[in-house]
1. Could you give the size of the charge dipole of the stretch 40-142 about its Cα centre, using +1 on the Cβ of each K and R and -1 on the Cβ of each D and E, expressed in debye and rounded to the nearest 20?
2. In deg cm²/dmol and to the nearest 500, what is the mean residue ellipticity at 222 nm of the chain if only DSSP H runs of at least 4 residues count, each as -39500 (n - 2.57), divided by the residue total?
3. Starting from the residue with the highest accessible area, list 185, 24 in decreasing order, probe 1.4 Å.
4. Between residue 178 and residues 5 or more places away or on another chain, which pairs have amide H atoms under 5 Å apart, with H built 1.01 Å from N, and which residues are they?
5. Check residue 201: other-chain or 5+ apart residues with amide H under 5 Å from its amide H, H built from backbone geometry?
6. Among bridges DSSP assigns within the chain, what percent are antiparallel (round to 5)?
7. In debye, nearest 20, what is the charge dipole magnitude of the stretch 31-85 about its Cα centre with +1 on Lys and Arg Cβ and -1 on Asp and Glu Cβ, if you could check?
8. Determine ³J(HN,Hα), in whole Hz, for all residues of the stretch 170-183 in sequence, where each value follows from phi through the Karplus function 6.51 cos²θ - 1.76 cosθ + 1.60 and θ = phi - 60°; x replaces Gly and Pro.
Amino acid sequence: MQYLKSLQLNDNQLTGPVDENLWYLPQLSVLDLSHNRLTGTISKAVGLAFGLEEVILDNNQLTGSLPAELGIPKDLKLVDVRNNSALSCHGEGSNASGACDAGQLLPCFLMFSSADVPRTDGSDMSCPAILRRPRQEAEQLCSGNGPNQLGDQATNLADEAEAQQRFELDPTYYGYYNCQCLGGYREVWERNHTVLTCVKSEEKDKPAWVVPAVSVAAVAAVMLLAAAALLVWLRMTVQLRPRWQREKELNENRKKGMPSGGPATIVVTDVESYSDLMQVNAPLTTKAMGIHNAILRKAVAAHA
């Protein structure tokens, strides 16, 4: 086992804690125990695995918090502990409400970036990226003797430039610090304000009067359009009747004869400068007179 470099036992339904002896393997570089049912905490002995490059423990049932000793291996590139619901910053430094103190949201050698990054886990939220602290700052913060500190071992911390570590943590670990829902989604807090879910905003999120008002406005608009279309159709029907139909209506009215009794109306019209117009443009004037006479005939027929 002393020459073992890669141990990949993912998806094997393993149970129990992660054996502490694994961290003493001198040449172990990749440890993949993901998608099992492992319990317990991550041992502080992880700091003795000097050749460690990848620690993949996602989708298990681990508890506790990440030990500060994870900052010691100088070749470490990836730590993935996602989907371990009981793994969090909670511990001896938690206050009475169960929320971690501001300085204990992450291991002492890590910090939050100033920019939010959209998460790729389908949670529809963005959270700060997790970065290594500069070596001197991390050494100062980790040099104490607290439960999440390294004491004299703080001088063994890897340099942030030498070990470009990537830590994959669920936002539940650090209490969704500075996390926010993406545009078009709203926050829903559950489990006593400890779990944040981003739900797509829908009509029900609007004030109660908005949906009925929009519905009424839509119905009114449709009715107005229908009325306008009906008026246009009626007008076009009257104006665009074929000539034979107009003449048929006039003949039927003529057959009825003169009105019997009652008042009679005599209409006399005159076209101003008719003679001059005929000399200037006889065809156009004749056409205009035809329109004039048609209007009169239509008026007579309508009121006969």
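1. Details: 8 positive and 13 negative charges, 34 e Å.
Charge dipole, the stretch 40-142, about its Cα centre: 160 debye, nearest 20.
2. Working: 5 runs with 80 residues, N = 304.
Counting only the DSSP helices, I get -8500 deg cm²/dmol.
3. Numbers: 185 70, 24 115 Å².
The ordering from most to least exposed comes out as 24, 185.
4. Long-range HN contacts for residue 178: none found.
5. Here the answer is 185, 186, since their amide H atoms fall under 5 Å of that of residue 201.
6. On the way: 14 of 30 bridges.
Antiparallel: roughly 45 percent of the beta bridges in the chain.
7. Numbers: 5 positive and 7 negative charges, 35 e Å.
Rounded to the nearest 20 debye, it is 160 debye.
8. After applying 6.51 cos²θ - 1.76 cosθ + 1.60, I find 6, x, 4, 4, 10, x, 6, 4, 6, 7, 8, 6, 6, x Hz.
The values are calculated or read from the model by the stated rules, or taken from the named source; none is laboratory data. Note that the structure is predicted; figures quoted are calculated from it, not measured. Don't worry about glycine lacking a Cβ; one is built from the backbone with ideal geometry, like all the others, and counts go over all protein chains shown. Accessible surface areas use protein heavy atoms only, side chains included; no ligands, DNA or RNA. Shrake-Rupley method; radii C 1.70, N 1.55, O 1.52, S 1.80 Å.
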